[in-house]
Each structure stands twice: as C-alpha cells, then as structure tokens.
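Some notes on the structure that comes next.
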Amino acid sequence: MQKRWVVKPKNDVRKTNSLCGELGISAVIAELLLHRGVETYQQAKHFFRPSFDLLHDPFLMKDMDKAISRIESAIGNKEKILIYGDYDVDGTTAVSVVYSFFRDFHSGLAFYIPDRYLEGYGISFKGIDYAAEHGFTLIIALDCGIKAIEKVNYAKAKGIDFIIGDHHLPGDTIPDAVAVLDPKRHDCPYPYKELSGCGIGFKLIQAFVQKNDMDMQLAYQYLDLVAVSIASDIVPITGENRVLTHFGLKKLNTNPSCGLQALINLSSNKTGHFSVGDIVFQIGPRINAAGRIEHAKDAVNLLTSKSLAEAKDYSTTVDDQNTVRKGFDLKITEEALDILDKDEVLKQRKSTVLFKADWHKGVIGIVASRLTEKYYRPTVILTQTNGHIAGSARSVLGFDLYEALSECADLLDQYGGHKYAAGLTMRVENVPAFQEKFEAVVQNSIKPEMLQQEVLIETELNLKDIDNKFCRLLKQFEPFGPQNEAPILLTRKVQGSAYIVGANHIKISLRQQGSTLFDCIGFGLAEHVNHINAGHEFDICYTIEENNWRGKKNLQLNIKAIRY
C-alpha cells in the first residue's frame with residue numbers, strides 16, 4: 001500500500017531563530033525541539049537533562065495521604081496486605097514494584113493476578129473471595145479498579161479495604177475505596193496525567209519513602225521495571241514519564257533487577273544498549289506471554305526474584321511460554337489472512353471482522369494488530385471462550401474505535417478500551433449481525449484518507465547536514481516513544497544502489513549531490529530494488545539510527561518510504 005506523506009508545518013521563523021541563537025543549534029534541530037513543545041532555554045535544559053528534581057511531589061495526587069496512612073496502619077497492626085494487579089506487562093510490573101518494596105518492611109504480604117480466561121480483566125469476585133478466605137484486610141489494586149464499584153462494595157462487606165491505583169479513565173462514579181489514586185480523576189490536581197499503572201505504583205512507594213524520611217534510592221531502585229511498563233503500555237514519553245524512562249533505562253543497562261537481567265540474557269542477539277524499542281520487542285512480549293499462555297503469576301515471580309539463579313528458572317518458563325505464544329500468533333495470523341485472501345467481499349470492505357471459534361484468546365489482540373498493519377483498516381478478531389464470544393479490536397490513525405463500538409452496543413455484552421484498541425464480548429448468535437453493523441458504522445464515519453497509512457515527516461534535511469554534532473544532539477532526544485517519536489526526515493533527489501536481504505527487505509548505499517555515501521536499511525521495500533539500481537533519482541523519508549552489529553557501531557538511515 002502506498003503511504004501518504006505528510007510534512008508537519010514549519011514553526012514560526014522567529015521562534016526557530018530565537019532557539020537557534022539561545023542554544024547554538026541548527027535550524028533543523030530547533031524545528032524538532034519546537035515540534036516537542038520546547039521553546040526556551042529552560043525547557044531545552046529539562047528536555048536534554050532529565051533530573052529527579054523534575055518528579056512531582058506524590059502527595060499532589062488526590063488520596064495519596066489516605067493511601068499512605070492506611071498502609072502504615074496495616075503494617076503497624078500486622079494486617080495481611082494483598083497486592084492485586086492486571087495480567088499484562090504494566091500490571092505485573094506494578095505488582096512487582098510495590099510487592100518487592102513492601103516485603104522488606106512487612107511480612108504479611110502476598111500478590112494476586114487474575115486468570116485471564118477464568119476471571120477476565122480487572123478486579124474479580126474470585127480474587128476478593130481469595131483475600132477473604134486467607135485473612136487479607138487490605139487490597140492494593142494496581143493498573144485496574146477505577147470502575148470496580150460493585151467489587152469494592154463486595155469487599156467492604158467482607159471487611160476488606162481497597163486502595164486503588166489506576167491510570168485509566170474513570171466513569172461517572174468513583175469506587176468507595178479508602179483511597180483512589182488516578183491522575184485522570186476530574187478532581188485530582190496531580191500535574192502529570194499520563195503515568196502508567198506501574199508509574200502509579202512507583203508514586204505510592206515514593207510517597208511512603210518521603211513520608212517516613214527514608215533514602216529515596218529505595219524507590220529509585222525499581223525504575224528499570226517502571227521503564228519497562230512505560231515502554232510496553234505505549235504511554236506518552238513526555239514530562240514525568242520521560243524522567244522515569246531516562247533513569248529506568250540507565251538502570252536497565254547498568255544494574256538491572258535479577259528478573260530483567262535474566263530476560264536480557266535470553267536476548268542473545270542483542271549487544272550493547274537496550275532502548276525503548278528493545279523493551280517493546282524483546283522484553284515486553286516475554287513478560288506478556290505468561291498471562292497469555294499460562295498464568296501471569298509466573299511473570300511476577302520472575303520480576304520479584306531475589307537472585308539470578310531463581311530468576312533464570314522463571315525466565316526459562318516465560319520464554320517457553322513466549323515460544324508457544326509465537327506459534328499461536330503465526331498460525332492464527334496465517335488463517336485470518338487466508339480467510340481474507342479467499343473472500344473478495346471481505347477484501348473490499350472498510351473494516352475487518354473475523355471469527356473462528358478455536359482461535360486462542362491470548363493472542364487475538366496481536367493478530368488484530370497484524371491485520372491492521374496489513375490492510376490498514378479497523379479490525380476486530382473474535383473467538384469463542386466459555387460459551388461466549390470474546391474479541392480484540394484495533395484501529396487506524398484518526399478513527400475512534402471506542403465510539404464505533406458504542407454504536408454497536410446493542411449487540412455487545414461488554415466493551416471497553418480507548419480510541420485505538422478495545423476489547424469486547426457478545427453472545428454467539430450476535431456475531432453475523434455485529435459483522436454487518438460494525439462495517440456499516442465504519443463506512444459511514446471513516447474518512448478516505450484514514451484508510452491510507454500516513455508517514456508524518458517532521459522536516460526536510462540535506463544529507464550533507466548529517467554530521468557528528470547533528471547526530472550527537474539527535475541522540476539526546478532519546479528516549480523515543482509516543483509523543484516523542486524518532487524524527488522522520490525527508491531528503492529529496494538521492495541516488496544509490498540496492499540489494500535484497502531477507503524475504504522482503506533492502507540494503508541501500510545512497511548519496512545526495514554533495515554528500516558522502518550513507519548505509520540504509522528498508523524493511524518491506526524490496527519492490528524498489530530495480531528502480532533504485534536503474535540510477536533514477538528518488539525521495540526518501542527515514543529515521544537516523546545507530547546500527548550495532550556484532551559489536552560494531554555505524555550510522556544507518558532506516559528508510560520508511562520511497563517515492564519517485
């Protein structure tokens with residue numbers, strides 16, 4: 001599919017010139033900073049030099065004082081505390097951080113992760129019954145619970161208090177818990193709203209350390225896990241998240257926790273610095289696989305290991321589960337693509353809704369993402385579980401998936417999520433009607449340009465301007481991630497030679513008039529090899545990266561798209 005190239009508008013020339021003068025930088029670097037909201041010397045200092053001083057006081061978060069008082073009371077009275085969290089990376093890292101911290105101060109501590117298939121997402125009645133049966137009087141819920149009104153009341157009737165630490169949007173009513181920590185509450189004055197669930201857990205232990213005049217390093221030691229949550233949960237790497245990720249990556253690359261070190265050791269193809277991207281593609285999927293294939297308690301056992309020997313056993317388990325997950329993922333993706341390839345009616349639609357009763361529930365979200373990449377349209381993958389239909393949905397840039405599902409609510413038992421990803425359940429007999437209605441909703445509301453993948457280009461650049469100083473400054477834009485993506489740049493009229501590598505990729509050596517030769521990689525761009533080798537000029541959009549292969553580092557352009 002031909003991608004649509006969109007170049008961001010240029011910033012006010014006065015702002016660009018002012019920043020160039022204040023910082024002694026090129027106009028291109030100034031443009032990139034302005035696109036990130038950096039307009040002054042002080043803002044640039046905070047951007048380029050993250051500091052712990054930029055972290056907000058955790059007691060600015062509504063109910064934090066109540067949460068800490070209740071925890072101190074529970075510790076003082078030797079109550080049993082249950083740390084409860086979701087089964088994905090964000091949930092398991094959140095549980096691991098809070099559990100690992102408090103077990104050093106309190107013996108009556110345990111953790112609980114719901115079973116993805118038997119209990120589903122969030123706080124469950126089964127989990128509360130477990131707490132009651134085992135004498136827990138306080139549950140600290142992380143990465144879930146903001147809408148668990150009925151469950152919190154059920155727990156209260158059994159003599160169990162709740163502290164909720166969540167980062168999802170609340171409903172109209174806040175649960176009647178002892179404390180509800182969520183910056184997205186309308187009545188919460190906390191300045192930064194985009195923390196991960198694990199980030200909320202970190203703020204909780206930061207507050208405990210601060211209140212009790214302890215060494216803040218006791219909280220900072222868990223920042224590698226916080227960075228893993230931020231990267232894996234695709235939250236913005238801006239503001240406080242940028243600080244947490246910066247220092248979390250430092251710890252990950254110098255002195256990681258035993259569990260993360262064991263996972264790094266499994267990534268034998270990786271040498272040198274782990275980035276946000278490496279977390280997303282190498283560490284996150286292994287942690288996630290535990291909850292997808294068996295039970296996410298395996299991930300928490302790994303991440304809370306006190307020795308590398310203990311962690312090694314758990315890491316082998318989750319790695320084996322990840323291998324199984326990849327098998328399911330590949331098989332179901334192939335089956336889904338085969339269904340589409342053989343049905344011309346489905347291929348011509350503006351949405352994809354596919355159902356097969358035996359598809360593994362744990363990977364349908366991944367399959368939905370892969371089909372969205374392939375056909376670039378809103379996608380729902382459905383399977384049957386416990387007599388009901390469960391689905392996972394993914395969207396394309398600009399299309400509100402949650403709103404589309406809302407219009408199909410009469411056919412759904414439950415649905416939840418956000419603009420670009422959602423989950424849903426329905427009765428088996430509603431599947432055909434849902435397929436038709438969802439397609440009708442998409443057809444009526446999606447704009448034609450949304451069905452063509454967009455490449456958002458930050459600015460234009462001549463290759464001769466890519467020198468050591470430029471690359472050194474660009475590296476300081478890291479860590480890259482949502483709302484601070486690696487800049488995509490545009491260069492016109494280049495020439496080069498190319499050859500195919502792997503199944504559908506190309507290696508290119510190219511130059512622009514007046515520049516040196518640049519090494520490039522183009523994933524999925526093998527179709528261009530003959531045109532390039534014919535000597536024609538072409539335009540490229542790309543990111544600049546450091547390629548680390550067998551211990552050798554070199555500058556490389558990662559080509560995102562080519563046009564003539």
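Nothing in this text is a laboratory measurement; each read-out follows from the coordinates by a stated rule. Remember, it's a predicted structure, so these values are computed and weren't measured experimentally. For neighbour counting, all protein chains shown are included, and Cβ atoms are generated from backbone atoms with ideal geometry for every residue, glycine included.
The ranking of 187, 539, 298, 88 by Cβ neighbour count inside 10 Å, starting from the fewest, reads 187, 539, 298, 88.
Report the local net charge at residue 152: Lys and Arg +1, Asp and Glu -1, summed over other residues whose C-beta lies under 13 Å from its C-beta. Mind showing how you got there, number by number?
Details: positive: 147, 151, 156, 158; negative: 150, 161, 166, 176.
Result for the local shell: 0.
Counting charges near residue 128 (Lys, Arg +1; Asp, Glu -1) among other residues having Cβ under 13 Å from its Cβ returns a value of -1. At full extension, residue 66 and residue 519 could sit 157.4 nm farther apart than now, given 0.36 nm per residue minus the alpha carbon distance.
Using 1/(1 + (r/R0)^6) with R0 = 30 angstrom and r between the beta carbons of residue 7 and residue 373, what's the FRET efficiency to the nearest 0.05?
0.85
Using a cut-off of 13 Å between beta-carbons, work out the net charge of the residues near residue 481 (Lys and Arg +1, Asp and Glu -1, residue 481 not included). With Lys, Arg at +1 and Asp, Glu at -1, the net is -3. Under 1.5 on a/c is rounded, so check that first for segment 346-440, then, if it is not, pick prolate when a/b is larger than b/c and oblate when it is not; a ≥ b ≥ c are the square roots of the alpha carbon gyration tensor eigenvalues. In terms of gyration-tensor shape, rounded.
When each pair of different Cα atoms in segment 397-526 is counted once in the 1/r mean, what is the Kirkwood radius in angstroms, to one decimal?
On the way: mean 1/r = 0.0523 Å⁻¹.
After inverting the pairwise mean of 1/r, the radius is 19.1 Å.
For residue 173 and residue 125, FRET efficiency with R0 = 22 Å and r from the beta-carbon atoms, rounded to 0.05? It comes out at approximately 0.70.
Here the dipole of segment 517-564 is about 220 debye; that uses its Cα centre as origin and unit charges on the Cβ of Lys and Arg (positive) and Asp and Glu (negative). Shown for 112, 154: other C-beta atoms within 10 Å of each C-beta, ranked fewest to most, produce the order 154, 112. In this simple spin-label approximation, residue 537 and residue 340 carry label points 7 Å from Cα along the Cα→Cβ vector, and these lie 3.7 nm apart. Between the helical axis of 431-445 and the longest alpha-carbon principal axis of the chain there is an angle of about 50 degrees. Taking Cα atoms only, the orientation of helix 364-375 departs from the longest principal axis of the chain by about 20 degrees. Judged by the gyration tensor of its Cα atoms, with axes a ≥ b ≥ c, the chain is oblate; a/c meets the 1.5 cut and b/c is at least as large as a/b. May I ask for the angle, rounded to the nearest 10°, between helix 13-23 and the longest principal axis of the chain, with both axes built from Cα atoms and the value confined to 0 to 90°? Between the helix axis and the principal axis of the chain, the angle is about 70 degrees. Restricting segment 61-153 to trypsin sites (Lys or Arg not before Pro) that sit in a DSSP loop and have at most 12 other Cβ atoms within 10 Å of their own Cβ leaves 78. Contact order normalised by length for the chain, with contacts defined as Cα pairs under 8 Å and 6 or more residues apart; what percent is it? Here the relative contact order equals 12 percent. Of the GluC sites (Glu not before Pro) found in segment 381-442, none is in coil by DSSP with at most 11 other Cβ atoms within 10 Å of its Cβ. For segment 255-360, the relative contact order works out to 27 percent when only alpha carbon pairs closer than 8 Å and six or more residues apart are counted.
Any idea what the dipole of the chain comes to, in debye rounded to 20, about its Cα centre with Lys/Arg Cβ at +1 and Asp/Glu Cβ at -1?
Numbers: 65 positive and 70 negative charges, 281 e Å.
Result for the chain is approximately 1340 debye, rounded to the nearest 20.
Let me check against my output: what whole-number percent is the relative contact order of segment 343-451, with C-alpha pairs under 8 Å and at least 6 apart? Don't skip to the answer; put the middle values down first.
Details: 197 pairs, mean separation 26.8, N = 109.
Normalised by residue count, the contact order of segment 343-451 is 25 percent.
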